[in-house]
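What follows is calculated from the coordinates using simple rules that are stated; it is not laboratory data. Quick caveat: nothing in here was measured; it's all calculated off a predicted structure. Backbone-built Cβ (ideal geometry, glycine too); neighbour counts: all protein chains shown.
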Amino acid sequence: MASDTAIGIHDLSFATTEFVLPHTALADHNGTEIGKYHIGIGQQSMSVPAADEDIVTMGAAAAAPIIARHGAEGIRTVVFATESSIDQAKAAGVYVHSLLGLPSATRVVELKQACYGATAALQFAIGLVHRNPEHRVLVIASDVSKYELDSPGEATQGAAAVAMLVGADPALVRIEEPSGLFTADVMDFWRPNYRDAALVDGQESITAYLQAAQGTWKDYAEQGGRALDEFSAFCYHQPFTKMAYKAHRHLLNYCGHEVDEARVARDLGRTTAYNAVVGNSYTASVYLALAALLDQADDMTGQAIGFLSYGSGSVAEFFAGTVVPGYREHLRTEANREAIDRRKPVDYAGYRELHQRSFPADGGEYATPSQTGGPFRLAGLNGHKRLYERRR
Ligand code: COA
């Protein structure tokens, strides 16, 4: 019976950008006391895309190692989740499909709901695998988080892509039923089609996130989910890593638990290493938290992980996963650390120039400077068409 099949994350790989801006450089520029960034929001640095990087090049770079390891057989669906889309019609995943040389007998689609999109993609993928356990789904979450220069949001930018192969008998994490769901129409963060940078009401977004955390947990409990004490770690969406702490304390309070800081540190401390140095990767961020958790030294075999995925606007979902025996043999710990360590520091002036870059909208031919050393690059724009290259 397909419904009895264990389904979940079989492989996970991530990519980030060519450049990194340390928060010390931002603090030097705007006169902020560095403790606000390092302690107050829990961020050390942010990934900054080169002129020839975008959600497609990052998404392809994240997914390529998965195809290299498993081949494309059985992958009949690619779901690309993003809230920093490059086209209002064409799915960014179609470019990735081409860059990776995937078979034409594939359906490719883009999903959007702020930072929640990748979780919708994961759940839809699980549904497809339930229908046919021979099938595998490539889920790609890729985002560039961009706020106005000199705005409060500037310190919570970042960029990364996570690719996940979803299938039956997964090697990493089995995803469980039920899910707790929550939707509320709030204007905490949004990006109208004519804008490059998102608009955010920061304090409202924190309040909305906390309400959503409570709402998803309430529904999760009503659906017959696990008790809070059964989880050994929690992967939260981390727009800045301190947000996970705020949300978890709120959840503990809501569930009538004393907020014991040792417990909070145990539940979250292993999930923040990548997001603290990558910055907000929007829809990828909750799965970067998972990568950090699995890559740390403790053996998580058989343990239950709680996932809280939040996307402003807002939609949220709480669900559980169980770590599969033998998972460590399938991790990409070294490659993940290399993706972070290979980034080149950029100074504030260089970051500002990259932030202000955009293609003219006149349909002309524009080549991008060759800056990234990554496997895929955005070579330019011609006749309103984005041109991508595969390096190796
Ligand atoms: N040392 C230690 N902590 C300090 C500090 C210092 N020198 N100075 C300030 N802080 C703390 C503040 O007390 C605050 O902590 P708290 O939230 O626990 O009270 C934290 O740093 C942030 O300070 P705040 O004044 O609230 O910062 P801000 O007005 O710049 O806003 C965000 C912070 C996160 C709201 C803002 O960066 C933003 O809008 N980001 C984008 C939206 C976002 O990420 N939303 C999250 C939900 S999706």
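For the reader, a short list of remarks on this structure follows.
- 3 or more residues of a type in the set (G, A, S): qualifying strands (runs of 3 or more DSSP E) within the stretch 288-392: 304-311, 315-323
- The combined condition, being away from the ligand (no atom under 16 Å from the Cβ) and either closer than 19 Å to A198 by Cα or assigned to a loop (DSSP other than H, G, I, E, B) (or both), is fulfilled by S85.
- Qualifying residue in the stretch 199-213 (condition: small (G, A, S), surrounded by 17 or more Cβ atoms within 10 Å (Cβ to Cβ) and more than 15 Å from the ligand (Cβ to nearest atom)): no
- Selection from the stretch 137-178 of residues that are away from the ligand (no atom under 16 Å from the Cβ), of a type in the set (V, I, T) and under 20 Å from T82 (Cβ atoms): V137, V139, I140, V162, V166
Listed here are the residues, each with its yes/no results for (1) basic (K, R); (2) without any contact (Cβ under 8 Å) to a residue 12 or more places away in the chain.
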{"position": "K112", "(1), (2)": "yes, no"}
{"position": "C115", "(1), (2)": "no, no"}
{"position": "G127", "(1), (2)": "no, yes"}
{"position": "R136", "(1), (2)": "yes, no"}
{"position": "I140", "(1), (2)": "no, no"}
{"position": "V144", "(1), (2)": "no, no"}
{"position": "E148", "(1), (2)": "no, no"}
{"position": "E154", "(1), (2)": "no, no"}
{"position": "A159", "(1), (2)": "no, no"}
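- For the stretch 105-138, a residue qualifies if it is assigned to a strand (DSSP E or B) and not acidic (D, E), and the qualifying residues are R107, V108, V109, L111, Q113, C115, R136, V137, L138.
- Considering only residues in the stretch 182-198 that are under 30 Å from H130 (Cα atoms) and surrounded by fewer than 17 Cβ atoms within 10 Å (Cβ to Cβ), the one that is nearest to the ligand (Cβ to nearest atom) turns out to be A184.
- Per the conditions (1) among the hydrophobic types (A, V, I, L, M, F, W, C); (2) over 19 Å from the mean Cα position of the chain (by Cα); (3) closer than 30 Å to K36 by Cα, the sole criterion not satisfied by A168 is (3).
- Any hit, the stretch 301-311, residues being surrounded by fewer than 20 Cβ atoms within 10 Å (Cβ to Cβ), touching a residue at least 60 places away in the same chain (Cβ under 8 Å) and not small (G, A, S): yes
Per-residue answers, yes or no, for (1) in contact (Cβ under 8 Å) with a residue 60 or more places away in the chain; (2) away from the ligand (no atom under 16 Å from the Cβ); (3) part of a helix (DSSP H, G or I):
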residue: G8; (1), (2), (3): yes, yes, no
residue: A50; (1), (2), (3): yes, yes, no
residue: V56; (1), (2), (3): yes, yes, yes
residue: G59; (1), (2), (3): yes, yes, yes
residue: A62; (1), (2), (3): yes, yes, yes
residue: F80; (1), (2), (3): yes, yes, no
residue: V94; (1), (2), (3): no, yes, yes
residue: H97; (1), (2), (3): no, yes, yes
residue: P103; (1), (2), (3): no, yes, no
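- Of all the criteria given as (1) surrounded by fewer than 23 Cβ atoms within 10 Å (Cβ to Cβ); (2) more than 16 Å from the ligand (Cβ to nearest atom); (3) on the phi < 0 side of the Ramachandran plot, the one not satisfied by A291 is (1).
- Pair list, Cβ under 8 Å, 6 or more apart: the stretch 255-270 residue touching a residue at least 24 places away in the same chain (Cβ under 8 Å) and surrounded by 13 or more Cβ atoms within 10 Å (Cβ to Cβ), other residue in a loop (DSSP other than H, G, I, E, B) and not acidic (D, E): R270/Q296
- Output for the stretch 64-78, where each listed residue is crowded, with 23+ Cβ neighbours inside 10 Å and assigned to a strand (DSSP E or B): I75, V78
- Look at (1) crowded, with 21+ Cβ neighbours inside 10 Å; (2) within 16 Å of the ligand (Cβ to nearest atom) and you find that A233 fails only one, number (2).
- Those residues of the stretch 167-190 which are among the β-branched types (V, I, T) and over 19 Å from G225 (Cα atoms), in sequence order: V186
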